[in-house]
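Below: one structure, written as structure tokens.
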Amino acid sequence: MKSQESAAIRVALLGSFTLELLARYVAREFRNQQIDVDLYFGGYSQYQQDLLDPNSPYYRYNPAYTLLLVDGLDVFPAFYFEPSPLAERDKTALVQERLSEFRQLAELCCARLPKNQLLIGQAVFPGRTILGPLDWNSADSVQEHFAEFNAGLARISRDLPNAHILDLRGAALEMGYARWRDSRLWYLARCRLSHAAMEEVAHLLVASVGALRGKRRKCLVLDLDNTLWGGIAGNDALEELHLGPEGMGLAFYEFQRLIRQLKAQGILLAVNSKNNFADAMEIIESHPCMLLRREDFAAIRINWSDKTTNMREISGELGLGMDSFAYFDDSPFERNLMRSQLPEVLTVEVPTDPTQYVETVLNLDAFWTFALTDDDRTRHRKYQLRAQRESMQKSARSIEEFYSSLQMKALIRPGSEALASRVSQLTQRTNQFNLTTKRYEPGQIRQLLADGSYRLWVLELSDRFGSEGSVGVAVVFERDGDWGIDTFLLSCRVIGRTVEQAFLAYISAEAKRSGARRLVGRYLPTPRNSCVAELYPSLGFHPAAQPNEWAFDLNSQELASPPWIEVTSRTSE
Amino acid sequence: MDEKLRKIIGRVLALPENEIRPELNAAQVERWDSLGHLELILEIEREFGVRYRAADIPRLKSVGELQQALRTLVPPDGTKSVRQPS
């Protein structure tokens, strides 16, 4: 037993065949990944004894991670060598028997070593048996029993929080069974794995330990030209880009599908690209086959800056350290730059042939996790909201420039017979920006016009794009030295342009000129007009005597008109 | 002797390259045990793209024997590696 003071991660290998050679590959792979490791490996086919006996050297070793490796030929030798004497029900029973045994072993392991993470390697079976076409086609068939065993192992691991499946069956399929095994190593050393398979198992084990230790990369940063699409933004027309169902475009399209799936698995996406912003955004927002759109990216840097500068900015914007990022760029120059300047970023080695992008992303283990957390599921939304708030703050400086650029002109006229029907129409139709929602017939408007205690104004708005016509109505009445606002409304066409402030500033100036003390307004809530609930207080009105009543003191306060609206008035028609 | 072979042997058995002579055999090197031997064989196979016959593997217990067997698998002109049927 090694010293407990060591900071090295304790990893145990248990299995149905000789593990000593594999242990050397595993040690080398941990070393290559700069992870300090202390290894234990069980004897040839000693895994049952190691797991059953509470005083076994395995339990005394007290590992943090255990890989249990059983080869299909070791678990079910009869299936491979002489399946015919076995009846269908014998095979089913044998599989269930072995599964009960493995369930017991896994439960014991998890109970006795509560801090250990148990990785159960799926059993690898040959793709072809001596049965030939009798396999799958006759009662002698064994392939479905192999599959059932692995499905059973997965059920066991799902029932135990600290047990996980390491899919060696899938790894062997990817490599090919003929390469996975090396009969010479079996006959000379009782090892079930080839040189290539041992390298692969070592790689998968180290990557899995990394995933279980939470070393997952959180964000994939992508280039655009010849990465997300084939061709050059701004150089090739939209329809000339390779992206979509035709020819090579499919390689980029399918690559994007996988990237979008990574997002569903909790990986943030970002763009870091050298392009004219407008050229690239046109593709992202309007190419019909683009799967990844603006809202899929938590951060976007499209400019002519150094990509490492952009990477630092993205890191700042998302609040993630460099070791949270993986970077995918087809340009060897940019990759070299990133590797030399920001070595903590995982710069993916991208093949020169885009048809290999799909397998490249499939082979990335940097995004592995054995279980999705709520954090993973909500990460994108969280970062998106954060980015939106920041961009609103940034653009607050330019909102005034935006208003100024509109060149708005407001014409405020007193109500008249000629305007009565338009005013009536506005009171009938305006639901949102309407403080009191009083509906008036044209005849009632005419009565107000004839009543000396009421005043009525209509606001017309135009900007550099043309005239909006009559879009605002205000009705006020005099009472006890105050001006009360009976009606104040704006057509929804002009909401959000500060027109209300210009209109009220004009009315308050008129009120002051005529000697009024206060301007008093009311907000009568309806299901539709909550957008103006805070209008009066936002312009400096104070709460008045009645609920929902707001007063502006004309002697001590002044309501300024926004400088970007040119206000003219006519005293009479 | 072949420089590439010398480098592989030095790396796998953790030996200085000047100690690697044809006469050097497994009994003289601590790390050249049965597993070290397999590691060495697999590494040579990977680097040269060859495959030793299973029956030959346990017999090639000196640098000279390894080199000699490698010559039968890689022709002297080095243009083409001949693989044993697997």
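A short reminder: the numbers here are calculations on the coordinates, not readings from a lab. Here the structure is a predicted model, which means the values were calculated and not measured. As a convention, Cβ positions derive from the backbone with ideal geometry for all residues, glycine included, and neighbour counts pool all protein chains shown.
Tabulated values for the structure
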read-out	value
FRET efficiency estimate (nearest 0.05) - Cβ-Cβ, A:Gln143 to A:Ser100, R0 35 angstrom	0.95
Potential lengthening between A:Ala154 and A:Tyr187 on full extension [0.36 nm per residue; Cα-Cα distance subtracted]	8.8 nm
Point-to-point label distance, A:Ser538-A:Leu262, nm (Cα→Cβ direction, 7 Å offset)	4.1 nm
A:Thr369 long-range amide H proximity, modeled H, under 5 Å	none
Chymotrypsin sites (Phe, Trp or Tyr not before Pro) lying in DSSP loop within the range A:259-360, provided at most 12 other Cβ fall within 10 Å	A:Trp304
Relative contact order, percent, the range A:268-385 [alpha-carbon distance under 8 Å, six or more residues apart]	23 percent
Shielding of B:33-39 by partner chains, average beta-carbon count, 10 Å	4
Segment A:Ala278-A:Asp375, length gained on full extension (0.36 nm per residue, minus Cα span)	31.6 nm
Rounded FRET efficiency, nearest 0.05, which uses the C-beta distance separating A:Gln49 from B:Lys61 and R0 of 30 Å	0.35
Label point at A:Gln557 placed 7 Å out along Cα→Cβ; residues across the range A:448-489 whose backbone nitrogen lies under 20 Å	A:474-489
Over chain A, volume per residue of the alpha carbon convex hull, in Å³	259 Å³
Inter-part distance where the range A:457-512 and the range A:245-291 are each reduced to a Cα centre, Å	47 Å
Separation of the B:Lys4 and A:Leu134 label points, Cα + 7 Å toward Cβ, nm	4.6 nm
Relative contact order for chain A, counting Cα pairs under 8 Å that sit 6 or more residues apart, in percent	9 percent
Residues A:Trp229, A:Trp564 arranged by fewest to most Cβ contacts within 10 Å	A:Trp564, A:Trp229
Separation of alpha-carbon centers, the range A:27-94 and the range A:333-384, rounded to whole Å	33 Å
Size of charge dipole - the range A:283-370 - debye, nearest 20, with Cβ of Lys, Arg +1 and Asp, Glu -1, no other charges	180 debye
Relative contact order of chain B, pairs being alpha-carbon contacts under 8 Å that are 6 or more residues apart, as %	29 percent
Qualifying trypsin sites (Lys or Arg not before Pro) for the range A:261-360 [loop in DSSP, other Cβ within 10 Å: at most 16]	A:Arg293
Sparse-neighbour loop sites [GluC sites (Glu not before Pro); the range A:266-345; at most 16 other C-beta within 10 Å; DSSP]	A:Glu344
A:Glu441 versus A:Lys215: modelled label distance in nm, points set 7 Å from Cα along the beta carbon direction	8.2 nm
Simple Cβ-charge dipole of the range B:4-53, Lys/Arg +1 and Asp/Glu -1, about Cα centre, in debye nearest 20	240 debye
Calculated FRET value between A:Glu20 and A:Lys382, using beta carbons and R₀ = 41 Å, to 0.05	0.30
Dipole moment magnitude, nearest 20 debye, the protein assembly as shown about Cα centre, only Lys, Arg, Asp, Glu C-beta charged	1060 debye
